[in-house]
4 protein chains.
Amino acid sequence: MTLQPLLDQINHDARGRFGLGKVAGYIPALAQVPAERFGIAVATVDGTLYHSGDALQPFSIQSISKAFALALALQRYGGELWQRVGKEPSGTAFNSLVQLEFEQGIPRNPFINAGALVVVDALTSRLSAPVHALLENMRLRAGNPAIRIDHKVAESEFEHRYRNAAMANLMKSFGNFHNDVDTVLRAYFSYCALAMSCVDLARGFSFLANGGRCVTTGEQCLSRLQTQQLNALLFTSGLYDAAGDFAYRVGMPGKSGVGGGIIALVPGRFSVCVWSPELDQYGNSVAGIWALEELSRALDLRLF
Amino acid sequence: MTLQPLLDQINHDARGRFGLGKVAGYIPALAQVPAERFGIAVATVDGTLYHSGDALQPFSIQSISKAFALALALQRYGGELWQRVGKEPSGTAFNSLVQLEFEQGIPRNPFINAGALVVVDALTSRLSAPVHALLENMRLRAGNPAIRIDHKVAESEFEHRYRNAAMANLMKSFGNFHNDVDTVLRAYFSYCALAMSCVDLARGFSFLANGGRCVTTGEQCLSRLQTQQLNALLFTSGLYDAAGDFAYRVGMPGKSGVGGGIIALVPGRFSVCVWSPELDQYGNSVAGIWALEELSRALDLRLF
Amino acid sequence: MTLQPLLDQINHDARGRFGLGKVAGYIPALAQVPAERFGIAVATVDGTLYHSGDALQPFSIQSISKAFALALALQRYGGELWQRVGKEPSGTAFNSLVQLEFEQGIPRNPFINAGALVVVDALTSRLSAPVHALLENMRLRAGNPAIRIDHKVAESEFEHRYRNAAMANLMKSFGNFHNDVDTVLRAYFSYCALAMSCVDLARGFSFLANGGRCVTTGEQCLSRLQTQQLNALLFTSGLYDAAGDFAYRVGMPGKSGVGGGIIALVPGRFSVCVWSPELDQYGNSVAGIWALEELSRALDLRLF
Amino acid sequence: MTLQPLLDQINHDARGRFGLGKVAGYIPALAQVPAERFGIAVATVDGTLYHSGDALQPFSIQSISKAFALALALQRYGGELWQRVGKEPSGTAFNSLVQLEFEQGIPRNPFINAGALVVVDALTSRLSAPVHALLENMRLRAGNPAIRIDHKVAESEFEHRYRNAAMANLMKSFGNFHNDVDTVLRAYFSYCALAMSCVDLARGFSFLANGGRCVTTGEQCLSRLQTQQLNALLFTSGLYDAAGDFAYRVGMPGKSGVGGGIIALVPGRFSVCVWSPELDQYGNSVAGIWALEELSRALDLRLF
């Protein structure tokens, strides 16, 4: 297989794109991350791992955690969850309260902030220690017990929580938020503050490329159908307001975070994680999207 | 003067309009108020008082307090206050977050909930005891030291605070809310929970009809210009989403509350308060608006 | 009376504000108007006329015509007209389609473009020659048979009609527009393209300051009640998205146009027209608003 | 292959879902279509055709034509087209003007009405006879020279054109509409009024399942990359406001029309068309979506 030289080439070329975006600056802990980093890791469904660049360096996974939180919630709630959150693309910026108000407190999908807050609220109702549960699951999936939460990041996010608090309170006014707002926000920010590397994340999400079965542990995390459904939602809504463009350019289900990471996957073949901190205007990693587009082109990975 | 027989006639006829609206039911403490009540009181600028019907019975003043809070804030901040809240009619329902999001956390005017929350936040920054201050001011203006806050109402509102909390948090995310959200909400709900009668309110707002000078105490509460400006804002924005219709039908500056009270005034002549708990679809007292329209017609009070 | 020296003083001082705004440039015919012009005219209800500066120079009245079109429509439809157009301030920019879509094709008030289009559509249904009718009425009211329509302006507006055509078509889709779109647009743009001077306009709108009776002809144009109602709507909605600020600063009912003219009035005393082509961000004349504020301050004209 | 018995079974069972939706009634020509019809046709990439039920009966393809018009426009414009229309899901009802106004006349994607109007406008600029071109293309792709336009439907749509005219005019006001509005609307409604059967449509869209090569004629209609991109957009935005739900339940790229037809496809395997006139609240065929879900389940067709 020629995957390793391809990743090395992508790693080399991606660095030529440094300087085209901006590192997330809304909290100090993220703003301090060095801009000129790039890593890529691929975990195949037969258990082989390839990586290149800064693929072992942990970074703040941020919204990538939303995909994992949804998987946990689907395990516990199944289809019942969809009474509280929609499956449609949002069509507006990821943090907008407008749609939430017009649609009576039901967020459009689980990958916008409001939707993820409902997911974490649901997990809080059924898990005695929701942060611990997600952390332990991630460690198992990634085969790395050293994964940890960066509490400095979580605390900094909590100090800037007001827009998320506004959404949680608005949903509470519509009866779609059941626990104490600050408690859920703390769990939500802890999820976002997980520090993981490209290798951790490629392994951690391998179950989505493998019909729901974790490549690392062999455990069936989600049913095959649930996995297909989660991937469909990632395809239509995983990249904020740029999901259509990502589908058009890359053609894989994916999820990005403002830490500069993006996970994506080719069902039956592999999961992949790229990382580079500089973001475009939609909050997605510039070099990361370029790298996935290049990978998709080189391997002819588009699904359609 | 034929004012007393006119008020008696209006009191008699207004009772024929019972049954056309609905008592506010969003908190139990308000829902329990008997529907079939009507009171009217007029306080002239020369100090004479006229009243008829249930004009001595205290009721929850609710949003009428927003006009008084604004007067207090103008005393302390003057024109500086307008950096944090607009002077334009809102054009959307009084509790909408949409406009607040589009306009970067600056509420359209001080009489929608978001605007009143900013006003109370501003008072909280400059008054050590903002609830005490407003209560004492109201007692002085109305000449009634027995005016009190109905803590049961305030507590019940606080328990249903989520939409207001959403607005406060949203404004905080834009930097336009300086104090602890729950602290300000408690003060805000205390203001709304003032229990006052038509007579109290007609007297309490007499300064707005008297160029800023309190008829009861002779004190100059606001400058003449500030008073004219406050009245202009009441005229354009005082009745939620029905301000234009009220201007068209009644033609006076006014402010309503979901407790069923409405204060209005004719500059240089008198302030008036009506009360009847049944509300129309805009949250304004059905019999109250009718009574003011009748008063306006009978005395030819329209300003234009 | 000291009105003449006051107007001269205002004319002198207003010219010091040249350069602070921008002449409307969306059609060539308006963009060519010289920027440094100022005129003011006052027509008292006893028939005296005062003016200063460029008060005899005709300019494009633009949206000021909306107030006159509404008066004509009220003559023909009375209260029935309010089934097709609201009385509430709009709360959004004057040409927004958003509110029109949310509110099922009923414009918020007759002074935003959509509302004026409904008014002209209504006039078109009941008048065989709506343009002729408005023109003749204006000539009568102003006592100036030389008033004419600037067809170059009207034609230029029609060539740039697309946003107005969008609104008309949207209302037609909701059943609130009865005549051919282009026919009504041509009438509407002809109204806007009336070329009148400050003196013409002050005289032309004197009936609004005089309980509905035209000072020039003695004719009762509107009933006293209709006049009060029209003035109330001008007060709450006459200056686009700056109505609240105008109420606060000037305190009179008024109507502005992007040609730089503003009419305003003090019931029982006089109507006034100012003109200066440079506009602020809301589309209102910079020097014009300043002049009215100054007049209001000097004569203590505020209504409240 | 067991496809024929499966289609027969689906045809049988789908009829049990009659009565759960409503036939489109906004124009008489569509409202007259009998409700209780169901057809399904599958065209494999190796040229075999399977069908069951009312699969040979022509119906009004309506918005399905938007996918074909986009293919034609991509042939003529390539990526340049995306300067005038976006690739993102809309997040609001398919005929909303709100987003169009906020986003300066650039429609969110080519499958909402506004986006399709821009596509037809673009075709009108580069084709001397855009209606003829699309009709002839469809006949070639489907191998059926008898396909025709139902002019009664087209005319009826044109008579109810006002909302579409509003959108076209709004885009024209932003400079994103180049031809005469009514000319483009007539072409657009002619496209929508194509009368085709399930068999016609399954064959007509086989190029989307076959890497851009028409199964009927062997012609390369679109490049392989363009085909993948068009399919990605169908997946994210093809079913109006229910695209996410369709992706979740069916998991194929697809396009629906208010005539009750839906086309979908499995890349490398087949294209499929279902038809049943009763629609759900989103304007999609009730029995049609159920049939595709059943097909997807039975053949395990989900892409992820």
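Descriptive notes on the structure:
- Pairs where the first residue, in the stretch C:226-242, is more than 7 Å from chain B (Cβ to nearest Cβ) and the second is in a helix (DSSP H, G or I) and basic (K, R), C-beta under 9 Å, 6+ apart: C:G238/C:K66
- For B:S276, the criteria (1) farther than 28 Å from B:G47 by Cβ; (2) surrounded by 24 or more Cβ atoms within 10 Å (Cβ to Cβ); (3) touching a Gly at 6+ places or on another chain (Cβ under 6 Å) hold in every case but one, which is (1).
- Selection within the stretch B:231-262 - in contact with a Pro (Cβ under 8 Å, 6 or more places away or on another chain) and of a type in the set (A, V, I, L, M, F, W, C): B:A232, B:L233, B:L234, B:F235, B:A243
- Residues located in the stretch B:248-268, provided they are modelled with pLDDT under 95 and among the basic types (K, R): B:R249
- One residue stands out in the stretch B:265-286 among those that are in a strand (DSSP E or B), closer than 20 Å to B:R15 by Cα and not hydroxyl-bearing (S, T, Y): the one that is farthest from the chain's Cα centre (by Cα), namely B:E278.
- Residues of the stretch C:126-141 that are among the charged types (D, E, K, R) and either surrounded by 23 or more Cβ atoms within 10 Å (Cβ to Cβ) or within 14 Å of another protein chain (Cβ to nearest Cβ) (or both): C:R141 alone.
- Odd one out for D:I40, checked against (1) touching a Leu at 6+ places or on another chain (Cβ under 9 Å); (2) aliphatic (A, V, I, L, M); (3) assigned to a helix (DSSP H, G or I): (3)
- Subset of the stretch D:86-125 (residues that are within 14 Å of chain A (Cβ to nearest Cβ), among the β-branched types (V, I, T) and under 10 Å from D:M167 (Cβ atoms)): D:I112
- Subset of the stretch B:209-220 [surrounded by fewer than 24 Cβ atoms within 10 Å (Cβ to Cβ) and either within 17 Å of B:G78 (Cβ to Cβ) or facing chain C (nearest Cβ under 10 Å) (or both)]: B:G211, B:G212, B:Q220
- Among (1) surrounded by fewer than 24 Cβ atoms within 10 Å (Cβ to Cβ); (2) more than 9 Å from chain D (Cβ to nearest Cβ); (3) not aliphatic (A, V, I, L, M) - the single one A:D200 does not satisfy: (1)
- B:Q83 meets each of the listed conditions (1) away from chain C (no Cβ under 14 Å); (2) at pLDDT 95 or above apart from (1).
- Given (1) more than 21 Å from B:P267 (Cα to Cα); (2) buried (at least 24 other Cβ atoms within 10 Å of the Cβ); (3) not acidic (D, E), number of the condition C:T236 does not satisfy: (1)
Quick grid of which residues meet (1) over 24 Å from D:L279 (Cα atoms); (2) touching a Leu at 6+ places or on another chain (Cβ under 7 Å); (3) not β-branched (V, I, T):
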| residue | (1), (2), (3) |
| --- | --- |
| D:Y26 | no, no, yes |
| D:S52 | no, yes, yes |
| D:E103 | yes, no, yes |
| D:G115 | no, no, yes |
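- Residue-level check: of (1) of a type in the set (A, V, I, L, M, F, W, C); (2) within 17 Å of C:T236 (Cα to Cα); (3) within 14 Å of chain B (Cβ to nearest Cβ), C:V45 misses just (2).
- Subset of the stretch C:200-226 that is touching a Leu at 6+ places or on another chain (Cβ under 6 Å) and assigned to a helix (DSSP H, G or I) - its residue that is nearest to C:L30 (Cα to Cα): C:L208
- Across the stretch A:287-300, the qualifying residues are those that are more than 10 Å from chain D (Cβ to nearest Cβ) and over 18 Å from A:G21 (Cβ atoms), and the one among them that is nearest to the chain's Cα centre (by Cα) is A:L295.
- Yes/no for B:S296 being among the polar types (S, T, N, Q) and surrounded by fewer than 23 Cβ atoms within 10 Å (Cβ to Cβ): yes
- When the criteria are applied in full, D:R249 meets the requirement of being closer than 23 Å to D:P89 by Cα and either among the basic types (K, R) or in contact with an Asp or Glu (Cβ under 7 Å, 6 or more places away or on another chain) (or both).
- Of D:S285, D:S271, D:S256, all but one fail to be in contact (Cβ under 8 Å) with a residue 60 or more places away in the chain and within 16 Å of D:F111 (Cα to Cα); the exception is D:S256.
- Matching residues, the stretch C:254-264, being part of a loop (DSSP other than H, G, I, E, B) and either touching a strand residue (DSSP E or B) at 6+ places or on another chain (Cβ under 6 Å) or over 14 Å from C:F68 (Cβ atoms) (or both): C:V258, C:G259, C:G260
- Checking each residue in the stretch B:249-271 for being surrounded by fewer than 24 Cβ atoms within 10 Å (Cβ to Cβ) and at the interface with chain C (Cβ under 7 Å from one of its Cβ atoms) picks out only B:P267.
- Residue match in the stretch A:235-245 (condition: β-branched (V, I, T) and in a helix (DSSP H, G or I)): yes
- Total residues in the stretch D:10-35, condition of a type in the set (D, E, K, R) and closer than 17 Å to D:G257 by Cα: 1
- Total residues in the stretch D:72-96, condition surrounded by fewer than 22 Cβ atoms within 10 Å (Cβ to Cβ) and over 21 Å from D:A168 (Cβ atoms): 3
- Out of B:N164, B:N176, B:N144, sole residue that is within 14 Å of chain A (Cβ to nearest Cβ), surrounded by fewer than 23 Cβ atoms within 10 Å (Cβ to Cβ) and in contact (Cβ under 8 Å) with a residue 12 or more places away in the chain: B:N176
- For the stretch D:85-114, the set of residues classified as closer than 21 Å to D:Q228 by Cβ and in contact (Cβ under 8 Å) with a residue 40 or more places away in the chain consists of D:K87, D:E88, D:P89, D:R108, D:N109, D:P110, D:F111, listed by residue number.
- Residues that are of a type in the set (S, T, N, Q) and crowded, with 23+ Cβ neighbours inside 10 Å were ranked within the stretch A:46-61; the one that is nearest to A:A35 (Cα to Cα) is A:S60.
- From the options B:S206, B:S190, residue that is more than 12 Å from every other protein chain (Cβ to nearest Cβ), within 23 Å of B:L3 (Cα to Cα) and at pLDDT 95 or above: B:S206
- Among (1) in a helix (DSSP H, G or I); (2) touching a residue at least 40 places away in the same chain (Cβ under 8 Å) - the single one D:P5 does not satisfy: (2)
The values are calculated or read from the model by the stated rules, or taken from the named source; none is laboratory data. In this text, all values refer to a predicted model and were calculated from it rather than measured experimentally. Don't worry about glycine lacking a Cβ; one is built from the backbone with ideal geometry, like all the others, and counts go over all protein chains shown.
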